[in-house]
Amino acid sequence: MKKIIYIALLLSFNFAISQVTTQLKVSESEEFKDEVAVGGVLAIHTTESGKTGLVRASNNTFLLDVFDKDLKKISTQNIKSSKKESFNGFVSFENEIKYITVLAPSKRERIVFCNTFNIENKTHVQKELFKADVEKGGLFTGRNKRGTDVAISPNGKYIAIITDNIKKNLNSYNVHVFDSETLNLLYHQAYQEDKVNYFKPIDLFIDDEANVFALGKLYKDGKKEKKGRDANYEFILNKISESDNQFIKIGLENENFISSLSINFFENKLSLIGFYSNTREGNIKGGCNFIINSATLEIAGKKYTELPKDVYFDLYGDAKADRHDKKKKELNSFYVDYVIRDNMGNAFVLAEEFYVTQSYVSTGPNGGGYWTSTYHYDDILILKFDKEGEITWGRSIFKRALYPSYNAFLKDNMLHVILNSGKNLTEKSDGRTKVSQGFFESSSLYDFTYTPDGKVEYNKIQDNKGNTDYLPFYGTYNLGTFIMMSDGRRKKQFMKLQ
């Protein structure tokens, strides 16, 4: 009894946060049923007319669905595939989703296909793009959480696909560029060929002149980061065209380490946005931004800004925020999920804390057991960069989750972070707002709305108890509307936020 009373007293130091209903227009589609159990969304795109196309997979079959402007299903196609055929990314433009699949008919042979799904015409056409021989591994390795193997130019005319070509005695990497309409090969180039050093692709961009920019890490020793103060890699930006192949090294002065970078393109300017550290690779002391002359591949400018105090306050509360801000405590284990531009040139960078823990599970008195891994998707870091590359404000979300759980979009200059949490958000005694769900607590869907100057409002979309549960991570924002699908094996539903 004393233990129960003690827990109750601890809980009493949390305070309910005043929550208002989101200002976004919320609507739900009618429920639809799948004939078979289907996994998550592989690709989603909405056309100018309001039709939405969806690509999913189930048991050697790709399901291609078309929904009208009210998200009522109007057609479904079941495209049979081989057990040896895998999905490897997609691009979308105007009325089409083009998704890439790779067939492995033998241990060494790979055949790459482009599948064109026309949402308006409800048609599907598969075309072979190229074949490749591999001596070990696969064509697409070392990808990040969201995949960066395929890209389409801003004008929609060109598609680039980057692949590994790791042979036993040579590391090399390939880029194929295609006409997006005919899918005819325009050119193929190898890059970063080296007998010793390993290159890991991080991000990809193709411009309106069919020049490919491939960003990645070039490792000095082995194929991964190593513990210690010295970085085991350099960031490399490659520029590849039909007639040329060049690269530059990206770095900051004063022995600062770059922990992550992403390619961003705005008003014909190429920039690399990410995080830097003073102490070791993987840590975050602040944000960095490199402006690249895309014609000459020279660094035209570089800036780095320390994390604002609000980031520490959101994560650690009042007292610790002051100490961490004075010491400029570095964060770690954050990975970039989104880089979003507004129409004034500002960039919003959102990253999630990700790490893996292991625990031993005993199965009996004789010492038997096994190790199990737990994946953690925790705090969210949000930084706003101005068009000159400096941080104007930063916030964070004190969060705990065991799966990818959030999405973000910009509407009317307001940043919206959509996620599920416990039914009632609470403010802890130290000022933090914790986003998590208790063991016996029902959940709610939230819209964390950030104003242009970084103030946050916690807006509830719905209580999930008695309603449909939605999965923000698999949603998409297009033409002023965010669409996400519900959880469930057979019965599904959409929610629209406008």
Please state, to two decimals, what the Cα-based radius of gyration of the chain comes to when divided by 2.2 N^0.38 Å (N = residues). 1.02
Provide Rg and Dmax in Å for region 232-298, with only Cα atoms included in the calculation. 12.9, 40
Stokes-Einstein diffusion coefficient for region 327-412 at 37 °C in a medium of 0.692 mPa s, Rh from the Kirkwood formula over Cα pairs: what value in µm²/s? 212 µm²/s
Mind grabbing the base-10 log of I(q)/I(0) for region 296-363 at q = 0.16, 0.18, 0.27 Å⁻¹? Debye formula, identical points on the C-alpha positions, no solvent, two decimal places. -0.83, -0.95, -1.20
Per DSSP H run of at least 4 residues, take -39500 (n - 2.57); add these up for the chain, divide by its residues and hand me the 222 nm value, nearest 500 deg cm²/dmol. -1500 deg cm²/dmol
Bins of 5 Å from zero: percent of alpha-carbon pairs in region 364-403: 6, 16, 13, 12, 10, 11, 10, 6, 5, 4, 3, 3, 1
How many Å³ per residue does the convex hull of the Cα positions in region 347-480 occupy? 168 Å³
Would you calculate the convex hull of the Cα atoms in region 43-111 and tell me its volume per residue in Å³? 75 Å³
Please give the peptides 395-402, 192-199, 258-265 ranked by average Cβ packing (other Cβ atoms within 10 Å per residue), highest first, as a rough proxy for protection. 258-265, 395-402, 192-199
Which residues' amide hydrogens lie under 5 Å from the amide hydrogen of LEU270, considering only partners 5 or more residues apart or on another chain, with H built in the peptide plane? ILE292, SER294
Over region 446-498, equivalent-ellipsoid semi-axes from the Cα gyration tensor in Å: 24, 15, 8
How large is Rg over Rh for region 274-388, taking Rg from the Cα atoms and Rh as the Kirkwood inverse mean of 1/r across Cα pairs? 1.14
By the gyration tensor of its Cα atoms, with a ≥ b ≥ c the square roots of the eigenvalues, what is the shape of region 201-350: rounded for a/c under 1.5, prolate for a/b over b/c, or oblate? oblate
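Laboratory data are not the source of any read-out in this text; all were calculated from the coordinates shown. Everything numeric here is computed off the predicted structure, so don't read it as measured data. Cβ atoms come from the backbone with ideal geometry, glycine included; neighbour counts cover every protein chain shown.
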